[in-house]
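Trainee: Quick one: the structure is below, and I'll ask about it shortly.
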Amino acid sequence: MCGIFGCVLKEGNAAPLIHSSLKRLEYRGYDSVGIATISEGKIFVKKDMGKIDEVDRIVDLDDMPGSIGIGHTRWATHGAPLKVNSHPHGDCKGEIMVVHNGIIENFLELRAELQNLEHTFVSKTDTEVIPHLIEQTLKNNPKLSLVEAILETLKRVEGSYALAVISTREPDKIICARNESPLVLGIDSNGVYCASDIPAFLPITNKAVMINNGELVILSAKGYEIKKICDSSPVVREPITIEWSPEMAVKQGYPHFMIKEIHEQPETIRNTLRMQDHYLDLLSTFLDRANEVFLVACGTSYHACLAASYMFSKLAFLPTYPVYASEFVEQHGKSVSIDSTILAVSQSGETADTIGSVTCAQQRAATILSLTNVIGSSLTRVSRVYIGTQAGPEIGVAATKTFTSQLSVLAQLALRLAKKRGKVSQDEIDCLEEQLARLPNTVETIVNTQEQKIKEIAKKYKDAKVFFFLGRGISTATAFEGRLKLMEIAYIPAIAFPAGESKHGPISLIEDGFPVVFICPRDETHRTVIGNIMEMKARGAHIIAVIEEGDEDIKSLADDYVEVPKGIPGVLSPIPFVVPLQLLAYYTALAKGCNPDMPRNLAKCVTVK
Ligand code: M6R
């Protein structure tokens, strides 16, 4: 998740405006920044790694000529956060510059093809194939206009993008396009703007034009012209007036980052499922060869590890040990050796306990693998191989979208490993891969259809003194995560454990009206879970069940229920089933008057042990 911005001004210099607009997009990423402007037929570029202010202090981003330009603030996905990987990226001659937010899935094939045609690549990014492909298209057919060449190029590109292009060939315009990554235009009397998000231009204008997937836009002194990428046909769309305050706009109209991030999950899971094959292959090869695998993390990331231990076991027949990072050194430090493999999972990549565990294991010659949302973080620097979770910056202290992204990577890894080890039939793998690909839509359906109902449930139980969260099998991890969310932002004490454990002690707490949340996917645990629900109900508990649509057995037992779409395999169930629990925590916090984005005593990144 990066931020792009472009402007064509009638009067004034573009660079200072691009600079200030990028500052308002910095919440989308801050690994590097870059601006390209065009003046008197020449392109000027300034870019470097670091936050916008840091880079500006060194290169003076405002001091660039020209009234047309594009800019980018980066959240690294392909390629470390270095100057060389900073946008804009250019073609061989530096005549075409591109800024891009998204992931080009087929960039390896395209890059190989272009390298065979003598194109020189300087970065490790997926984006760099775009200017080279435009260059090659124009070389093959010099009669094409820039727009035609970009349209041709986009037909060859697979993946997600919001991009903006300038070129010395037609220096009076910016061409931008969208597929899946957000793109919006701003319009005022002095010019036209394109951006990843409305806050970028909101202090300048509140007239916006939303761009849809599969559309290309030409920005010039004449205004904007939208075309469909598939057949170049024109699209007519009038600007709308945005009523948001600048503060609301950063949250895209949502009252809190947490709810914005919950709603972003269809997109972030979709992006995460675009994982490059070779990273999955590499990581699964290491896991396959490992003698013992520890899954090490804290908080929500630990819950992803717990779920992953079920995935690895069920699909790849690989036993793994999920361990709290804060306990790893005490519990396993001495026994870790060259034969051990650590898969560390951390949103921030900076959590002190996780880094401490990894450092200890590294000193004992263990293999370090990791999964993080922040490429360039300490964790990526100490890992032999790492994978980025592609969730974009998460600002709410409560982890939401990064959890479902972690699970999406871990599920892909487990499937890859299953394939490698030949443990599961190809039919089953195909079916699970299909189901995984459907999860972004499933999550979208849950948010769209269940949010109102969950709001009501939250109001009903907001004064409860304590909650139980119960699940069996992989749903134990979902229950743990639901409990953590509720506790950390709504300050309600909550207890979670595998449902089977309830009879071994915790059930003695149950009395009339005690809320018990059951996670009930229709997997092999379903029947036993019904038994556990009955036991709780018999003692007066109020049952709040997260069920599959049409699960009449549990519906008839539950006091309240939330439904997720049918047909989700148990092994993938934590991804959709956690979403109602995130919403429950969020709306309970609101009902209790708590600020879910800033829970007391907590920090987004815990860098002390
Ligand atoms: O950045 P990390 O994933 O390493 O952070 C781990 C925990 O601190 C984090 O998940 C924490 O528990 C969140 N507040 C949960 O919402």
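Trainee: Is it fair to say Ser408 is within 13 Å of the ligand (Cβ to nearest atom) and outside any loop (DSSP other than H, G, I, E, B)? Show your work before the answer.
Mentor: Numbers: within 13 Å of the ligand (Cβ to nearest atom): no; outside any loop (DSSP other than H, G, I, E, B): yes.
So Ser408 does not fit the description; no.
Trainee: Inspect the range 99-116 for any residue being within 15 Å of Pro171 (Cα to Cα) and not aromatic (Phe, Trp, Tyr) and give the result as yes or no.
Mentor: Within the range 99-116, the first condition is being within 15 Å of Pro171 (Cα to Cα), and the residues that meet it are none.
No.
Trainee: Here's a check for you: in the range 300-353, which residue that is part of a helix (DSSP H, G or I) and over 30 Å from Gly392 (Cβ atoms) is nearest to the ligand (Cβ to nearest atom)? Can you show your working first?
Mentor: Filtering the range 300-353 for residues part of a helix (DSSP H, G or I) gives 300-316, 325-332, 352-353.
Now narrow it down to the ones that are over 30 Å from Gly392 (Cβ atoms): 313, 327, 329-332.
Numbers: Ser313: 23, Glu327: 14, Val329: 16, Glu330: 18, Gln331: 18, His332: 18 Å.
By that ranking, first place goes to Glu327.
Trainee: Would you confirm, using the coordinates I've provided, whether Glu428 is of a type in the set (D, E, K, R) and part of a loop (DSSP other than H, G, I, E, B)?
Mentor: Values: of a type in the set (D, E, K, R): yes; part of a loop (DSSP other than H, G, I, E, B): no.
In short, no.
Trainee: Is it true that some residue in the range 282-292 is assigned to a strand (DSSP E or B), surrounded by fewer than 23 Cβ atoms within 10 Å (Cβ to Cβ), within 16 Å of the ligand (Cβ to nearest atom) and at pLDDT 95 or above? If you could, list the steps in order and put the result at the bottom.
Mentor: Taking the range 282-292 first, the residues assigned to a strand (DSSP E or B) are 292.
Narrowing further to those that are surrounded by fewer than 23 Cβ atoms within 10 Å (Cβ to Cβ): 292.
In the following step, the residues that additionally are within 16 Å of the ligand (Cβ to nearest atom) were identified as none.
No, every residue in the range 282-292 fails to be assigned to a strand (DSSP E or B), surrounded by fewer than 23 Cβ atoms within 10 Å (Cβ to Cβ), within 16 Å of the ligand (Cβ to nearest atom) and at pLDDT 95 or above.
Trainee: Does the range 279-292 contain at least one residue that is of a type in the set (Phe, Trp, Tyr) and closer than 29 Å to Asn441 by Cα?
Mentor: yes
Trainee: Could I ask something else about it? Identify, from the list Val329, Val345, the residue that is free of Cβ contacts under 8 Å to residues at least 40 places away in the same chain, buried (at least 17 other Cβ atoms within 10 Å of the Cβ) and touching a Cys at 6+ places or on another chain (Cβ under 6 Å).
Mentor: On the way: Val345 fails: free of Cβ contacts under 8 Å to residues at least 40 places away in the same chain.
Val329 is the lone residue from the list that is free of Cβ contacts under 8 Å to residues at least 40 places away in the same chain, buried (at least 17 other Cβ atoms within 10 Å of the Cβ) and touching a Cys at 6+ places or on another chain (Cβ under 6 Å).
Trainee: So how many residues does the range 122-145 have that are outside any loop (DSSP other than H, G, I, E, B), under 30 Å from Pro81 (Cβ atoms) and of a type in the set (A, V, I, L, M)?
Mentor: 4
Trainee: Can I ask one more? Take the residues in the range 464-495 that are outside any helix (DSSP H, G or I) and of a type in the set (Gly, Ala, Ser), then tell me which one is farthest from Phe312 (Cα to Cα). Break it down into steps so the answer makes sense when it comes.
Mentor: As a first pass, look at the range 464-495 and keep what is outside any helix (DSSP H, G or I): 464-474, 491-495.
The next check asks that each one be of a type in the set (Gly, Ala, Ser); those that pass are 464, 471, 473, 494.
Details: Ala464: 37, Gly471: 19, Gly473: 13, Ala494: 28 Å.
Within the range 464-495, the match that is farthest from Phe312 (Cα to Cα) is Ala464.
Trainee: What are the pairs, 6+ residues apart or on separate chains, where a residue within the range 497-508 that is of a type in the set (Val, Ile, Thr) has its Cβ under 8 Å from a residue that is surrounded by fewer than 17 Cβ atoms within 10 Å (Cβ to Cβ) and outside any helix (DSSP H, G or I)?
Mentor: Sorted first by the residue in the range 497-508, then by its partner, the pairs are Ile507/Arg539.
Trainee: When you go through (1) modelled with pLDDT under 95; (2) under 27 Å from Thr404 (Cβ atoms); (3) over 30 Å from the mean Cα position of the chain (by Cα) one by one for Gly513, which number turns out not to apply?
Mentor: Only one criterion in (1) modelled with pLDDT under 95; (2) under 27 Å from Thr404 (Cβ atoms); (3) over 30 Å from the mean Cα position of the chain (by Cα) is unmet by Gly513, namely (2).
Trainee: Can you say whether Val55 is in contact (Cβ under 8 Å) with a residue 12 or more places away in the chain and crowded, with 20+ Cβ neighbours inside 10 Å, as far as the supplied structure shows?
Mentor: Details: in contact (Cβ under 8 Å) with a residue 12 or more places away in the chain: yes; crowded, with 20+ Cβ neighbours inside 10 Å: yes.
Spelling it out, Val55 is indeed in contact (Cβ under 8 Å) with a residue 12 or more places away in the chain and crowded, with 20+ Cβ neighbours inside 10 Å.
Trainee: Right, here's the next one. For Glu261, indicate whether it is under 17 Å from the mean Cα position of the chain (by Cα) and either part of a strand (DSSP E or B) or within 15 Å of the ligand (Cβ to nearest atom) (or both). Can you show your working first?
Mentor: Values: under 17 Å from the mean Cα position of the chain (by Cα): yes; either part of a strand (DSSP E or B) or within 15 Å of the ligand (Cβ to nearest atom) (or both): yes.
Here the answer is yes, as Glu261 does meet what is asked.
Trainee: Assess whether Glu434 counts as being charged (D, E, K, R) and either away from the ligand (no atom under 16 Å from the Cβ) or without any contact (Cβ under 8 Å) to a residue 12 or more places away in the chain (or both). Give the steps one after another, and end with the answer.
Mentor: On the way: charged (D, E, K, R): yes; either away from the ligand (no atom under 16 Å from the Cβ) or without any contact (Cβ under 8 Å) to a residue 12 or more places away in the chain (or both): yes.
Spelling it out, Glu434 is indeed charged (D, E, K, R) and either away from the ligand (no atom under 16 Å from the Cβ) or without any contact (Cβ under 8 Å) to a residue 12 or more places away in the chain (or both).
Trainee: So, in the range 354-378, exactly how many residues are in a strand (DSSP E or B) and either more than 22 Å from the chain's Cα centre (by Cα) or away from the ligand (no atom under 11 Å from the Cβ) (or both)? Give the steps one after another, and end with the answer.
Mentor: The initial filter retains those residues of the range 354-378 that are in a strand (DSSP E or B), namely 367-372.
Among the residues that remain, those that are also either more than 22 Å from the chain's Cα centre (by Cα) or away from the ligand (no atom under 11 Å from the Cβ) (or both) are: 367-369.
Qualifying residue count for the region: 3.
Trainee: How many residues are near the ligand (Cβ under 10 Å from one of its atoms) and either at pLDDT 95 or above or not in a loop (DSSP other than H, G, I, E, B) (or both) when one looks only at the range 386-404?
Mentor: 5
Trainee: Among the candidates Ile446, Ile387, which residue alone is in contact with a strand residue (DSSP E or B) (Cβ under 6 Å, 6 or more places away or on another chain) and more than 30 Å from Glu26 (Cβ to Cβ)? Don't jump to the end; show me each part of the working.
Mentor: Details: Ile387 fails: more than 30 Å from Glu26 (Cβ to Cβ).
Of the residues listed, the single one that is in contact with a strand residue (DSSP E or B) (Cβ under 6 Å, 6 or more places away or on another chain) and more than 30 Å from Glu26 (Cβ to Cβ) is Ile446.
Trainee: I want to confirm something. Restricting to the range 254-304 and keeping residues that are in contact (Cβ under 8 Å) with a residue 12 or more places away in the chain and of a type in the set (Ser, Thr, Tyr), which single residue is nearest to Gln450 (Cα to Cα)?
Mentor: Ranking the qualifying residues of the range 254-304, first place goes to Thr268.
The values are calculated or read from the model by the stated rules, or taken from the named source; none is laboratory data. All of these numbers come straight from a predicted model, not from anything done at the bench. Neighbour counts are summed over all protein chains in view; Cβ atoms, including those assigned to glycine, are modelled from backbone coordinates with ideal geometry.
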